[in-house]
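Here is the structure we will look at, set down as structure tokens.
The values are calculated or read from the model by the stated rules, or taken from the named source; none is laboratory data. Keep in mind the model is a prediction, meaning the values are calculated, not measured. In this analysis, Cβ positions are derived from the backbone assuming ideal geometry, glycine residues included, and neighbour counts consider all displayed protein chains.
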Amino acid sequence: MSAHSTAVDPKSASLWARHYPGHDVIGTRTFGFWLYMLTDAMVYAALFASLVVLSHASNMVGGPAPSEFINPRVAYEETIALFASVLTYGLAMVSLKKGSRRGVTGWILLSALLGLVYLGLSVADNVNLFQHGITPQTNGFLSAFFAIIIYHAVHIVVGVAWMLVMLLQIAKEGFSQNVVYRLINLRLFWHFQAVIWVFVFVFVYLQGVVL
Amino acid sequence: MLVHLQGSWSPALGRLCMKQLAFLHVPILEYTFAVVALLGLAAVGAVTYFGKWKYLWREWLTTVDHKRIGIMYIIIGLVMLLRGFADAVMIRLQQDMAIGPHSPGYMGAVHGYLTPFHIGQIFSAHGMIMIVFAATPLLVGLMNIIVPIQIGARDMAYPYLNALGLWLTGGGAALVMLSLFIGNFAHGGWYGFLPYFELPYSPGVGVDYWMWAFQLSAIGTSLGSINLIATIVKMRAPGMTWMRLPIFTWASLSTNLIALTSFPVLMVALALVGMDRYLGTHFYTAGMGGNLMLYNDLFWIWGHPEVYFLILPAFGIMSEIIPTFSEKTLFGYATMVIASFAIGGVSWGVWLHHFFTMAAAPSVNSFYSITTMLVGIPTGVKIFNWIFTMYRGRVRFELPMMWALLALSLLIVGGMTGMMNAFASNDYMWHNGIFVVAHFHMMVLVIASSIFGAVEYWFPKLFGFKLEQKWGKWFFWFMVLGTGFVFVPMFILGLAGMTRRLDYIPYTAWGPYLHLEMVGIGLYGAALLFFLAHLYVSLRDRESRRVGADAWGTGRSVEWMTHSPVPSYNFALIPHINARDEWAWRKDNGLTELHPGDYEPIHMPKNTGVPLVLGAFFFTLAFGLTWRIWWLTALSTAAIVIMIIVRSFDTDTDMTIPPNEVERTEKRRSDRASDFIATGVPPYAGGPVGTATAYQRLPEPAGGTGASSGGRL
Amino acid sequence: MKNSWKKVRHGATLLAVGALGLFLSGCSARGIYLMHPEGAISKTSFHYFLLDVGIMLLIIVPTTLLAIWATMRYRKGGHGAYQPQWSHSTAIEIVVWGIPLITVGVLSYLSVKAIYAVNPYNPEVIAKAEKKAGSTPLEVDVIATDWRWLFVYPQQHIATTNQLVVPRGIPVRFRLTSTSVVNDFIIPQLVGMIDVMPGMRTKQALIADHRGNYLGFSADYSGAGLSWMHFNTHVVGKRKFQAWVSSIQKTPQSLSYKGFNRFARPYIPVGQKTQPIFGHVKPGLFDFVVREVMRGKTWNTPMNMTENMVAYLKKQSKLQKEGYY
């Protein structure tokens, strides 16, 4: 078998791609963002694995059992806020398809607000825990517990900041190629962190209640 | 403060104080500092004297050209390789001196000349530098340069991100170098020992330096891998189907998939060390519900894939060089691709063999022993395929090929000893021993040999002339000799039961082998001198070794289809790919014309200084964190966030090269190439003009327009 | 089938021994400890080592010869036929995948067998010997500190530092833990490595076949004193061992929990001929150490401790005179 057997007939072969349109910018950018999310998913995977490793009774010395302090009710409220925010962001993308600048701006503003609501709930809950002496310094389990929650909250902060930046860019540039791919990537990011939140809710909060 | 710190701390300077300026009071460092300072001044002076600051800034520091970024990666890699070698010399000298209870001690040491405090830093720095700041940048640099050209692209998918990755790696390297003079480096091995790296046992700043430098390079490499994968998936020239992808690009793809998925785990492993040290959490502490084995798992879940992240591009390089110099198609292309991905896949399931002795259940050790041996299957297949590539070929022993063959023979030794380590009952006997050290040095020498081969092989592509052969061969043979003298005794010492990281060897029986290793180090030192001579003579006599597009005459893949040196836009017109070894196919069919004419405007990214400045701020951020200078940390973080946001508002990031400028550049290159034909200077010193190739059967096209290389094929 | 398999094994062993013999004949055999096993565990490991190397050499040697032959025969200007397009052969592909596959299969089988044979927690070779002899094993609790080994004999209530004495031919079972960081316990000629971890307990076992002195040390990096953290293993006859035990028991020095806290402070035993021995040890010391470490007890090392080793040793001997340790 020859290595060239798959090749085309040299007589009719096209050698140079004239008028080559170049590569699809939006497609390339969003593909890269998918790859980034894969790395972030690996970060979460490592953190969740750490939580599992640090969830034995010996890892909870000097602190209360998780079921004594974990409050799935707050987490449920946070879930509502977060998912509502994802929904409004989805609606922003619908407006983007219509090309409605007002629609996009309004829905993104609402998403950012709902993100802030989530953050408020989360901060209040954790400050409450700190005040009861339940801190990351208490024991190994709590270190992992707070690491996941805080790392997720950082994502929300970044997402909200990104939304605010996008509002400015829409005002400045309208729906240019750059703005559009960033809005698409932000949608990916916002959905991604919501998916992660499902895992946080199940494996940190719900699991914590039965531990 | 959440943690108890030994020593002083002030708001303005953190833990930094006069006492920490090691270069002022440690004798060895005084001289080192003087030399480094002089060299630095000389470099700055030279740039100023020749008025090259502007050139340096415009053409290099702010560039987003993947080739220049790659070259800078390689320069970082080579500089750090030198530093790593200096560390190796110091370790070997100490182990050569400190044998037996009667050996004398100097400079505060009981035996030899290095105290545990110092040799600890040296072996940590040696390992970390060689893996993270020498091998990784060298290979990332090569992939950066070659992959876009091999797939017929003009640049990487994200040129700006590419530059950022470079400067993050540069920041990390700078941090490691700084630790030499200010404060100290980690003294517990490059991969870190927990809980040894917790504050009670490593109270100094060394671990913090280690951690942040590591973190910077991890972020940089992750960005790089995102970029390379996106480039390979999205930027291939029309007609380049997956099964026409050059083999080095396949290797890059598999290796970057490994990096993409494993580096985040390293970031977590290190971040948790950081949280223990800065916030007083209990991830890895022995008490308080921590779990020190968690670190080993997380680190080696990255660490072992990282090993294959380094070896797969090396295999890719060998798979490029061997066909070119066997003047023949690669044997078993599909098998090679499958084997690369098999190695990449298995690499995820073997990490536990790094702590076989941690008393896991025998069933667990059995599982990981078997998975580790599985790596031997695709690796063995690759070795056979290279052999069968040479079979029925015409093997030319030029320098790149010699390096590739050295890599192949070291791989046989390294592979066999690796299989011995995978056999867990063997590993129980020498797990933390010198035998393992000798094994993985064999493997990194496979990588190093491939890198040297790749440098020889692709150098003419980038610079338009070949490296000379005479000093290069001296360099090669002294590397071979050095390897023999250092590592054969090391294998024997491994079987003797000697363990790693000793600063004093209590058993005089091991003395002769250690002395032999010192001889090997001397040979390596001589090799280094030959390498410098190799570079110097090559640069001096470059005019006599100018080459055209197909520098070796038997190149096969797409990168040999553009001029040497490669213009900034790589291809005046994007090539249309018709075959697996496109250039070989074109030569077979007499389609070697490289000047299609009718040029079109080319869109290229504009230079930007933002990545460099961001890299600098990441460096100050890491420095601030290391010394716990909180204001510097806050300031750097704010600067980074603001710069990223401000840059996102910049819309003026691209430029267009007009067709007439493209034509002028193309013409200049072809003129230059045809000069040598006119003056009768051979295209390279290794053989006659128009070296016979596998494709000689075609009549040479008439001179004139096409002459860049077509005329000589 | 079984017979031919034995033949292969025999051949492989011969080949390995031959190759190693050639390899080592040039150098003095003195100090090549792993090649001179003197205990049940190390001998078993060595046996599998030879098998492993032999089988691999059966593959590696022909491969190397093939590589050399291909490069020489098909060098430019050589005699080999030139076929530039030849790049595929199903037969060769099957062979090149098949050979490594079969080799790895055989080695995997042997590896698993070996792992169970020398499994530190319950090595089959030791378990068999115990069953046969019917003797109760000697128990030794090993506590690694920064940077000394404390060997506690719980049945005899005695403890020694950096010196292990065991009777010949009798199984010895170890429990190991560390006070501060991870160490790795090994006596190259008797038994392989096992990690010694703070807050945790690992196990190891050995039988020594001959009288003599064997060196042991810590193999995992544990800090400044690592290179001096070695101990002598003295294998003696049964009767001599009893005599040694009663001589130690007569020593007035005893080790309490409080005394242990003092003992575990960072100490580098440079050039120390004699190390503390304890005629009486408070029972349960091993469990006490594990428990304390799990509760968060640490024995911190000072910053830049051995930047000047000579100065540090002076300070250490001063502290020792003042009864700090």
task: Just give me the residues in segment C:201-221 being surrounded by 24 or more Cβ atoms within 10 Å (Cβ to Cβ) and in contact with a Pro (Cβ under 7 Å, 6 or more places away or on another chain), in sequence order.
output: C:GLN204, C:ALA205, C:ILE207
message: Going residue by residue through segment A:126-147, is there one that turns out to be surrounded by fewer than 19 Cβ atoms within 10 Å (Cβ to Cβ), touching a residue at least 12 places away in the same chain (Cβ under 8 Å) and out of contact with any Phe, Trp or Tyr (no Cβ under 9 Å at 6 or more places or on another chain)?
response: no
- prompt: Does at least one position in segment B:325-332 carry a residue that is basic (Lys, Arg) and within 7 Å of another protein chain (Cβ to nearest Cβ)?
  reply: yes
query: Any idea which of B:TYR196, B:TYR191 is hydroxyl-bearing (Ser, Thr, Tyr), free of Cβ contacts under 8 Å to residues at least 12 places away in the same chain and within 14 Å of chain C (Cβ to nearest Cβ)?
result: B:TYR196
- request: Please enumerate the residues belonging to segment C:188-215 that are free of Cβ contacts under 8 Å to residues at least 60 places away in the same chain and within 11 Å of the chain's Cα centre (by Cα).
  value: C:MET193, C:ASP195
task: Among the residues of segment B:469-490, write down those that are closer than 30 Å to C:GLY31 by Cβ and crowded, with 20+ Cβ neighbours inside 10 Å.
output: B:PHE478, B:MET479, B:GLY482, B:THR483, B:VAL486, B:PHE487, B:PRO489, B:MET490
field: Residues that are assigned to a loop (DSSP other than H, G, I, E, B) and modelled with pLDDT under 85, drawn from segment B:1-44
entry: B:MET1, B:LEU2, B:HIS25, B:VAL26
- prompt: Mind checking which pairs have a first residue in segment A:190-210 that is closer than 17 Å to A:SER85 by Cα and a second that is among the charged types (D, E, K, R), Cβ under 8 Å, 6 or more apart or different chains?
  reply: A:PHE192/A:ASP40; A:TRP197/A:GLU78
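Is segment B:241-258 home to any residue that is assigned to a helix (DSSP H, G or I) and in contact with a His (Cβ under 9 Å, 6 or more places away or on another chain)?
Among the residues of segment B:241-258, not one is assigned to a helix (DSSP H, G or I) and in contact with a His (Cβ under 9 Å, 6 or more places away or on another chain), which makes the answer no.
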- request: Return the residue satisfying two criteria in turn: it lies in segment B:543-573 and is over 23 Å from B:ILE317 (Cβ atoms) and either buried (at least 24 other Cβ atoms within 10 Å of the Cβ) or basic (Lys, Arg) (or both), and of such residues it is modelled with the highest pLDDT.
  value: B:ALA572
task: Answer yes or no as to whether B:MET402 is at the interface with chain C (Cβ under 7 Å from one of its Cβ atoms), part of a helix (DSSP H, G or I) and not β-branched (Val, Ile, Thr).
output: no
- request: Could you list, in sequence order, all residues of segment B:155-188 that are away from chain C (no Cβ under 14 Å) and β-branched (Val, Ile, Thr)?
  value: B:THR169, B:VAL176
- request: Look through segment C:293-325, keep the residues that are among the polar types (S, T, N, Q) and in contact with a helix residue (DSSP H, G or I) (Cβ under 9 Å, 6 or more places away or on another chain), and return whichever of them is surrounded by the fewest Cβ atoms within 10 Å (Cβ to Cβ).
  value: C:ASN308
- request: Give me a count of the residues in segment B:405-449 that are under 22 Å from B:PRO313 (Cα atoms) and at the interface with another protein chain (Cβ under 10 Å from one of its Cβ atoms).
  value: 9
message: Looking for something among the charged types (D, E, K, R) and touching a helix residue (DSSP H, G or I) at 6+ places or on another chain (Cβ under 7 Å) - is there at least one such residue anywhere in segment A:77-92?
response: yes
Of all residues in segment C:103-159 being without any contact (Cβ under 8 Å) to a residue 12 or more places away in the chain and among the β-branched types (Val, Ile, Thr), the one that is farthest from the other protein chains (Cβ to nearest Cβ): C:THR136
message: I'd like to know if segment B:270-293 contains one or more residues that are in contact with a helix residue (DSSP H, G or I) (Cβ under 8 Å, 6 or more places away or on another chain), part of a helix (DSSP H, G or I), among the polar types (S, T, N, Q) and under 30 Å from A:GLN137 (Cα atoms).
response: no
task: Please verify whether segment B:238-254 includes one or more residues that are under 30 Å from C:GLU307 (Cα atoms) and surrounded by fewer than 24 Cβ atoms within 10 Å (Cβ to Cβ).
output: no
task: Would you be able to say whether some residue in segment C:1-11 is assigned to a helix (DSSP H, G or I), within 13 Å of chain B (Cβ to nearest Cβ) and modelled with pLDDT under 55?
output: no
task: Return the only residue of B:PRO506, B:PRO512 being facing another protein chain (nearest Cβ under 7 Å), on the phi < 0 side of the Ramachandran plot, surrounded by fewer than 19 Cβ atoms within 10 Å (Cβ to Cβ) and not polar (S, T, N, Q).
output: B:PRO506
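Residue by residue, here is whether (1) modelled with pLDDT under 95; (2) within 30 Å of B:SER10 (Cβ to Cβ); (3) within 32 Å of the chain's Cα centre (by Cα) holds:
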position	(1), (2), (3)
B:LYS606	yes, no, yes
B:LEU612	no, no, yes
B:GLY615	no, yes, yes
B:GLY624	no, yes, yes
B:TRP630	no, yes, no
B:ARG668	yes, no, no
B:GLY686	yes, no, yes
B:ALA702	yes, no, no
B:ALA707	yes, no, no
message: Just checking, does segment C:108-126 include any residue being under 25 Å from B:SER425 (Cβ atoms), part of a strand (DSSP E or B) and not β-branched (Val, Ile, Thr)?
response: no
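With away from every other protein chain (no Cβ under 14 Å) and either of a type in the set (Val, Ile, Thr) or surrounded by 17 or more Cβ atoms within 10 Å (Cβ to Cβ) (or both) as the only criterion, which of C:VAL281, C:VAL270 stands out?
Of C:VAL281, C:VAL270, the one residue that is away from every other protein chain (no Cβ under 14 Å) and either of a type in the set (Val, Ile, Thr) or surrounded by 17 or more Cβ atoms within 10 Å (Cβ to Cβ) (or both) is C:VAL281.
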field: Residue list for segment C:175-200, filter: surrounded by fewer than 24 Cβ atoms within 10 Å (Cβ to Cβ) and among the hydrophobic types (A, V, I, L, M, F, W, C)
entry: C:MET200
field: Which listed residue is within 25 Å of B:MET643 (Cα to Cα), more than 20 Å from the chain's Cα centre (by Cα) and free of Cβ contacts under 8 Å to residues at least 60 places away in the same chain, from A:SER176, A:SER100
entry: A:SER176
message: Among the numbered criteria (1) of a type outside the set (A, V, I, L, M); (2) buried (at least 16 other Cβ atoms within 10 Å of the Cβ); (3) touching a residue at least 60 places away in the same chain (Cβ under 8 Å), which one does A:TRP34 miss?
response: (2)
message: Can you pull out every residue in segment B:349-377 that is within 19 Å of B:MET419 (Cβ to Cβ), part of a helix (DSSP H, G or I) and more than 8 Å from every other protein chain (Cβ to nearest Cβ)?
response: B:GLY349, B:TRP351, B:LEU352, B:HIS353, B:HIS354, B:PHE356, B:PHE367, B:TYR368, B:THR371, B:THR372
